[in-house]
1. Taking every pair of alpha-carbon atoms in segment A:35-91, what share in percent sits in each 5 Å bin, from 0 to the bin with the longest distance?
2. Among all stretches of chain B without exposed GluC sites (Glu not before Pro) (DSSP loop, at most 12 other Cβ atoms within 10 Å), which one is longest?
3. For the protein assembly as shown, go through all pairs of different Cα atoms, get the mean of 1/r, take its inverse, and jot down that Kirkwood value in Å.
4. Using DSSP to define loop residues, name the trypsin sites (Lys or Arg not before Pro) in segment A:53-134 whose beta-carbon has at most 11 other beta-carbon atoms within 10 Å.
5. Give the order of B:74, B:130 when sorted by the count of other beta carbons within 10 angstrom, beginning with the fewest.
6. Normalise the Debye intensity by I(0) for chain A, one equal point scatterer per Cα, no solvent, then take log10 at q = 0.11, 0.16 Å⁻¹ and round to two decimals.
7. Using modelled backbone amide H atoms (1.01 Å from N, in-plane), which distant-in-sequence or interchain residues come within less than 5 Å of residue A:14's amide H?
8. What does the structure give for A:86-96 when I average, per residue, the other chain Cβ atoms found within 10 Å of the residue Cβ?
Amino acid sequence: TVGAVALDQSGHLAAGTSTGGMTNKRYGRVGDSPIIGAGTYANAHCAVSGTGHGEFFIRHTVARDICARVEYLKVPLQEAADTVVRDVLVKAGGEGGVIALDAQGTVAMPFNSPGMYRGYMGEDGQPFVAIFPE
Amino acid sequence: QRKWGLAIHGGAGVMSRDTLTPEREAEVRARLTESLQAGHAILAQGGTSLDAVGAAIRVLEDSPLFNAGKGAVFTHEGRNELDASLMDGRTLAAGAVAGLRHVKNPIALARRVMERSPHVMMVGEGAEAFAREQGLELVPPEYFRTEERWEQLQRALEKERAAGGQASAPGVSPRPEDGKFG
C-alpha cells in the first residue's frame, strides 16, 4: 500500500491511498485503503493515510479517529496518531501505521509494525526517508 | 507564513534488515525520494494539495517496488485487483475505487470519481467503464505482474495447501506470506 498527505500554500489538506490489497485474498475482499474514514481521511484540521491490516483499520475507523481527536479533543497530531496506532490498534491486534499531517504542517508517522516505508518533505525541499524505527 | 509540505508511505510490515538488501533499500529510498520530489514540485509552484498527493502516489504506483499499481500483489485466483481513494480536506469531497484490473493509475480514477461523478465509491467493472468514459489510461492485466509477487502467491498457496486449504477463521489475521500488508 502507498499513500500521501499534503498541505498546500493555501492551507488546504488532502490525503490519498492506493493499494494492490493482500496476497492470496479471496471473495472480493476489500481492505481499508478505499474506505473513506478507515484508510484515508482529510478535513480542515488533519489528513491521514494508513497502511496495515485493513480489517482492523476499518473496524476502528483509524484515519477518521485520528482527525476527530485533533478536531474535537484538541490534542496534538502526534499524540492523536500515536494513541490510535500504538494503543487502540495494538490492543485490538491490528498491525500497521499511518502518515498524518495537520493544518500547521506538523507531521506524524507512527507505526506498530517492524518497519514502514515513509518520508517527508517540507518547504526546504530536503527529503527525509526512513524504513525502520530509527 | 504557513508551513506547507507532504508526507508519504510505501507500506508497513515485517521488514527486516537481514532480508532487505542494501541494493533493494537504495532502490526503495530512491523511489520514495522521487515521490516526495514530485509532490513537492507542485506545492512549491503554488499547486494544490490534491495535485501533490496524486503526483506523489503516481510515482509509487508506477514503481514495481510497492504494492500498488505495477507490482501489486496477487489474489488467490492469480489476479491483480487494485483499490484507491482520495479526499479533499477543504470540501470533504472524496472519491474511491476498488477491484480494478486495467486502470494503470487507480489514484487518478479516484479523483475522477470525486470530481466528475455524484458518487464517492465505484467498484469492479462499473468503475472500469467509468475510467473508459473518462479517457484514463488502461493497460492489460499483465502490466501489473512482477515475478516477485507471483512467487509470493505461490508460496502462500503452498502454505495454504499444507494447512489443509483452510481459509482464515474470523478474527484471525490472514497474514500474507511475506508478512507485508496492504
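Just so it is clear, none of the values below were taken in a lab; they were calculated from the coordinates. Just so you know, these numbers come straight off a predicted model, no measurement behind them. Because the Cβ atoms are built from the backbone with ideal geometry, glycine has one as well, and the counts that use them run over all protein chains shown.
1. Calculated P(r), rounded to whole percents: 4, 23, 35, 25, 11, 2.
2. Working: sites that count: B:77, B:137.
In chain B, the maximal stretch lacking such sites is B:1-76.
3. Details: mean 1/r = 0.0531 Å⁻¹.
After inverting the mean inverse Cα-Cα distance, the result is 18.8 Å.
4. Working: sites: A:59, A:64, A:69, A:74, A:86, A:91, A:118; in loops: A:74.
Those that pass, being in a loop and sparsely packed, are A:74.
5. Details: B:74 26, B:130 19.
In order of increasing Cβ crowding within 10 Å: B:130, B:74.
6. For chain A at q = 0.11, 0.16 Å⁻¹, log10 I(q)/I(0) is -0.35, -0.74.
7. A:6, B:89
8. Details: counts 0, 0, 0, 0, 0, 0, 0, 3, 2, 7, 6.
Mean shielding count: 2.
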